[in-house]
Structures are given as structure tokens and as C-alpha cells.
């Protein structure tokens, strides 16, 4: 769902250091049916976008239907993708009474998306009607997310686990949850890749569905390419995080992490690996000693190389089984004085490549 940029951004401080863990896109995206077609079923987490999602005339109508219970809170987004006209959204309750109406503001300095946050008064089938305000053509994306109760399509995030992905198409709004407790202060942080052309927005909802924080990055306006939202829960429960793009570029990359700032925040994600090296050289015995600290939560290959002025030599390459907590491993190699040398070591997997690395130098004396 689209985080509304009309909410003021929170102060952006500190810097991000994130452990990247790629995840697949969360949304179930599909093109609209070939016209004429109305009353298309849509559910929480669904995104409709594609060449068929096009309004061609003011009389053209696309509609989507979903079921909701009384007291449920839903967020509906219809986003402008391309064309000569704005896109409009109307929401009708089960009695065919209009409960929301609005249009995007392309060309007028307004929002490229229409965002409806609605608490449903009655149980039944609700209808999203998509039109345009004047003659022309507009291609759009539409999505739906249940805010309260927590949507079943949201991905649970463990503290300390960083998630990367893309928001595409324009109406896509990945949903995540984390367990908030009143004994700690959390931070919800999101950042853009270095080549980002569009800003990223983050909205946090409480366990009862209230929007409690919203912030967007500020690239293009001299602002930051990340947001950090501190949060001290007043109620324990499942908190919802929605990501969205601020504009209409179609694809926005992101990295998201929920971490613990202070206090007791509950269970954290262990680091996937640890690799450190303390190197010393004995000029008398001509032995290089490497005291490694190595740990990993999944099976890896452990590699090490010796680097000097003239090249690089492989020291070892061995399978490293799961080692948690980390342990100290000492390895020695004979080495004549070669001036300053370096020891490069890595832990790798066949899927993720290098997941930990270490590089240290030591002076072995004049050759």
C-alpha cells in the first residue's frame, strides 16, 4: 500500500550498517483482465498492474471487489503509471453507498497515487471503482492491504535481519510485521540503493491499526537516501510496516531492517557469521601465526590467502560446518621475511558468495 507523503517525515539521523539478506517480492502482481471486465476479485496483498489496467475514456470503468468485516481497517492504493489523465478511485460499501472518492494529482503538483485508509462499518463485499476525470488515457496500478487485523500476506521480520527487495509496479506496497514489546526502543530503518531515482516511504502501524509513524527519503531535494524511525511501543503486539514509492517511476529498490536501540526488545537475529584474525610473526622461527575467530550459522567454505608485494598465495580452502558460538582456531605457516604481508580470509556459500571477510597485515621484516 502507498504511504501517504502528506504526513510529515520524522527527523533522519544516524547512519545505516545493514546485513543484506535478499528476499523475494511479497506482492502477488497480475495484469488486469482484458476489457470489458468489472467486479474483479482482489485480496489483501494483491497488486494489479499491466497493459490491460488502462482507462481510455471518462465512461470507462474498471472495478475490483473484496470482502471485509465490520471493524477491519484496509488501505487501498490506485497509482498513476502513465498517460494523459489522472486516475480516480471510488469505494462503495455493500449497500452501494460511496464511502470514499479521490483522484491523483499528476500535472498539478499533487500525489501520483490515490490512498484510501478506511475502517469498514459493515461486513460484506466492497467495490473499488477506477475511472478518469476527463477524456484521455491513463494506465494505473491498484493494490489492497488489510491493516487491521494484521494482514496474512505480511512477512515476519526478526530483529537484526535486513531484507532487500524492489517495489514494482507503482502500486506495490510490501508489508512486514515485527513483534513489539514495551520494554525496549526499536528502530525501523529503510534505505535506497545508490542509483535510486525515486524516493521510498515507510509507514508503521500499531497492533490496533493506528498509523503511528511515516517518513520518506529525500533524494532530489538534498535530503537523505535513508529513513530511521525510532519507536517505543506503548502496547505489546504485532506492528505492521508498509513500504511504498513516493512517485511513479515504477521500480524502487530498498533495504529494510528492524533493530533494537535500547532496552530489552526480545529475540534478535544472530549474525550469520564471524571472522576475525590476529596475526603475528616470529622472525627467529620464520613462522606466521594466525589466530582466527570463526563462527557461522550455516555451512560455509573457509578460504585464506597470503598477499605480498608480488602476488597472492592460497593458504587453505576447507569446509566449515556450523560453528555457533564462534571459536578460536590457530593456523601456522612457514614464511621467510617478505616485508609487510597481508592475510585475507573469507567465509562463502554457493548461493550468497562472501558472507564474512577479514584482512589484516603484519611486518615480517626486511627480505
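The table for this structure:
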| read-out | value |
| --- | --- |
| Listed peptides 94-104, 187-197 by packing density, highest first (mean Cβ within 10 Å) | 187-197, 94-104 |
| Principal axis dimensions, the stretch 273-363 - Cα atoms, whole angstrom, descending | 39, 25, 17 |
| Kirkwood Rh, angstrom, the stretch 94-244 [1 / mean 1/r, Cα pairs] | 17.6 Å |
| Centroid-to-centroid separation of the stretch 226-301 and the stretch 108-140 [C-alpha atoms, Å] | 39 Å |
| The stretch 27-150 - percent relative contact order, Cα under 8 Å, separation 6 or more | 38 percent |
| Orientation-averaged projected area, Cα convex hull of the stretch 36-137 (nm²) | 6.2 nm² |
| Packing-based order for 157-163, 261-267, using average beta carbon neighbours within 10 Å, highest first | 157-163, 261-267 |
| Contact order relative to length of the stretch 273-363, as percent, for alpha carbon pairs under 8 angstrom and 6 or more apart | 34 percent |
| Label corresponding to Rg and Dmax of the Cα atoms in Å when calculated from the structure given, among [x] 19.2, 59; [y] 24.7, 87; [z] 26.3, 91 | [z] |
| Burial ranking of peptide ranges 55-64, 71-80 (average Cβ count within 10 Å, highest at the top) | 71-80, 55-64 |
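Each reported figure results from applying straightforward, stated rules to the coordinates on display, with no laboratory input. As the structure is a prediction and not an experimental result, all values here were calculated from the model. Note that we place each Cβ from the backbone using ideal geometry, even for glycine, and neighbour counts take in every protein chain shown.
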